[in-house]
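Novice: Quick one: this structure, given as structure tokens, is what I'll be asking you about.
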């Protein structure tokens, strides 16, 4: 496989990870996953609601996809570890996305608790994908703890504001010998492309696809944006300059004396 | 017999195993995970695991949610 992303014991061809929240309909979600080309799909674990009949969401996730349960709802490391173990017991594999989010308003993660949960779960054989506020020191600790990647936020979850943490993410990409997967806040394919041009390994998108007017078409657009950004990164973007530089010689013009 | 199911108190008329309990509740057992008193019970053990007085049962399943889902309980 050319330019495969080797991660969590797997090789991925597609660098878009997709979330399953906020879709108005499970069939629409299934179509969006297919059109996105994503090979990794995040799902949440929740108590069953006895009052309403809920469909099993997994039947709408293409079976060839890798499931990445997240620990959303966890407020500390202990809760995240418990959710991860329960998820693994369902037989969906050993990938887990750590989300420790004690903050209700901005849904910002607790980096310290995330490191603690990562240490425990990596030690138990999980492929751990921690969602973090982009911070170099935290990312270094996660690398030492055995994380499979780091997942810094571009902007608060669900805000569609793009790469507001760009400079901090750039530092992680430059300094951390782990795949950097930009997660949260990416609102448009152009923003996903920017992350990939910077050297991000992948991008996780949920709200921007699920709440688009046409989720499946937007999923396909994100796929293209991420592919374009990745190719640009591999091609080596040209340098930026302060002043103009002509792209052809400034001599030999027609009609000059 | 009083038990707690997903944080809510319930009364069982007689001791019952997890498998029968789920069946009675009409729950599609595919993709379900069960914790009994914080211990994960593998699906194969449901028919032989009996729910007792004051037991706490958590019945969980996957649902849509990337980073967006927030706890509702």
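Computed from the coordinates by the stated procedures, all read-outs in this text should not be read as laboratory data. Bear in mind that the values here come from a model prediction, so they are computed numbers and not experimental data. Note that each Cβ is placed from the backbone with ideal geometry, even for glycine, and that neighbours are counted across all protein chains shown.
Novice: Given a cut-off of under 8 Å on Cα pairs at least six residues apart, what relative contact order in percent is computed for the range A:128-194? Mind dumping the intermediate values first?
Specialist: Working: 120 pairs, mean separation 24.3, N = 67.
In percent, rounded to a whole number, it is 36.
Novice: Here is a follow-up. Mind ranking A:112-118, A:202-208, A:72-78, A:163-169 by how tightly packed they are, going by the mean number of other C-beta atoms within 10 angstrom, highest first?
Specialist: Values: A:112-118: 23.9, A:202-208: 26.4, A:72-78: 20.1, A:163-169: 17.9.
By packing density, highest mean first, the sequence is A:202-208, A:112-118, A:72-78, A:163-169.
Novice: Per-residue Cβ counts within 10 Å, from other chains only, averaged over A:37-48: what number is that? Before the final figure, lay out the partial values.
Specialist: Details: counts 0, 0, 0, 0, 1, 6, 8, 12, 7, 11, 12, 14.
Mean inter-chain Cβ contacts per residue within 10 Å come to 6.
Novice: Need one number: % antiparallel among DSSP beta bridges in the protein assembly as shown, to the nearest 5. All intermediate terms of the calculation are to be shown ahead of the outcome.
Specialist: Numbers: 21 of 46 bridges.
Antiparallel bridges make up about 45 percent of those DSSP assigns within the protein assembly as shown.
Novice: Next up: What whole number of Å gives the distance from the Cα centroid of the range A:1-33 to the Cα centroid of the range A:128-186?
Specialist: Result: 18 Å between the Cα centres.
Novice: Further question: Compute the Cα gyration tensor for the range A:141-213, then decide on rounded, prolate or oblate, letting a ≥ b ≥ c be the square roots of its eigenvalues: rounded whenever a/c is under 1.5, prolate when a/b is larger than b/c in the other cases, and oblate in all that remain.
Specialist: Values: a/c = 2.25, a/b = 1.79, b/c = 1.26.
Taking the square roots of the gyration eigenvalues as a ≥ b ≥ c, the range A:141-213 is prolate.
Novice: I need the shape label for the range B:2-69. Rule: rounded when a/c is under 1.5, else prolate if a/b > b/c, else oblate, with a, b, c from the alpha carbon gyration tensor.
Specialist: On the way: a/c = 1.92, a/b = 1.53, b/c = 1.25.
Prolate is the answer for the range B:2-69, as a/c is 1.5 or above and a/b outweighs b/c.
Novice: Let me ask something else about it. Using only the Cα atoms of the range A:39-186, build the gyration tensor, take square roots of its eigenvalues as a ≥ b ≥ c, and label the shape rounded, prolate or oblate: rounded if a/c is under 1.5, else prolate if a/b is larger than b/c, else oblate. Walk me through the intermediate numbers first.
Specialist: Working: a/c = 1.64, a/b = 1.41, b/c = 1.16.
Verdict is prolate for the range A:39-186.
Novice: Separate question: Against the longest principal axis of chain A, how steep is helix A:166-175, in degrees 0 to 90 to the nearest 10, with axes from Cα atoms?
Specialist: For A:166-175 against chain A, the angle is about 80 degrees.
Novice: Mean residue ellipticity at 222 nm from the helices of the protein assembly as shown, using -39,500 (n - 2.57) per DSSP H segment of n ≥ 4 over the full residue count, to the nearest 500 deg cm²/dmol? All intermediate terms of the calculation are to be shown ahead of the outcome.
Specialist: Working: 9 runs with 100 residues, N = 330.
Helix contribution divided over all residues of the protein assembly as shown: -9000 deg cm²/dmol.
Novice: By per-residue mean of other Cβ atoms within 10 Å, what is the highest-first order of B:21-31, A:31-41, A:247-257? Present the calculation step by step, with values, prior to reporting the outcome.
Specialist: Details: B:21-31: 14.1, A:31-41: 21.7, A:247-257: 5.5.
So the order, starting with the most tightly packed, is A:31-41, B:21-31, A:247-257.
Novice: Inside 10 Å of the C-beta atoms of A:67-77, what's the mean count of C-beta atoms belonging to other chains? All intermediate terms of the calculation are to be shown ahead of the outcome.
Specialist: Details: counts 1, 1, 2, 5, 0, 7, 6, 1, 1, 0, 0.
Across the residues of A:67-77, the mean count of other-chain Cβ atoms within 10 Å is 2.
Novice: Moving on to the next point. Across peptide B:29-41, how many C-beta atoms of other chains are within 10 Å of each residue C-beta, on average?
Specialist: On the way: counts 1, 4, 8, 3, 10, 4, 4, 0, 0, 2, 0, 6, 1.
What the average comes to for B:29-41 is 3.
Novice: Further question: Against the longest principal axis of chain A, how steep is helix A:136-145, in degrees 0 to 90 to the nearest 10, with axes from Cα atoms?
Specialist: 50 degrees
Novice: Could I ask something else about it? Using only Cα atoms and rounding to the nearest 10 degrees, what angle (0 to 90) does helix A:189-198 make with the longest principal axis of chain A?
Specialist: 80 degrees
Novice: Which whole-number percent gives the relative contact order of the range A:5-255, counting Cα pairs below 8 Å spaced six or more residues apart?
Specialist: Numbers: 501 pairs, mean separation 47.4, N = 251.
Relative contact order comes out at 19 percent.
Novice: How much FRET efficiency would the formula 1/(1 + (r/R0)^6) give for residue B:54 and residue A:137, where r is the Cβ-Cβ distance and R0 is 45 Å, rounded to 0.05?
Specialist: 0.50
Novice: Given contacts defined as C-alpha pairs under 8 Å and at least six residues apart, what's the relative contact order of the range B:2-69, whole-number percent?
Specialist: On the way: 89 pairs, mean separation 29.4, N = 68.
The normalised contact order for the range B:2-69 reaches 43 percent.
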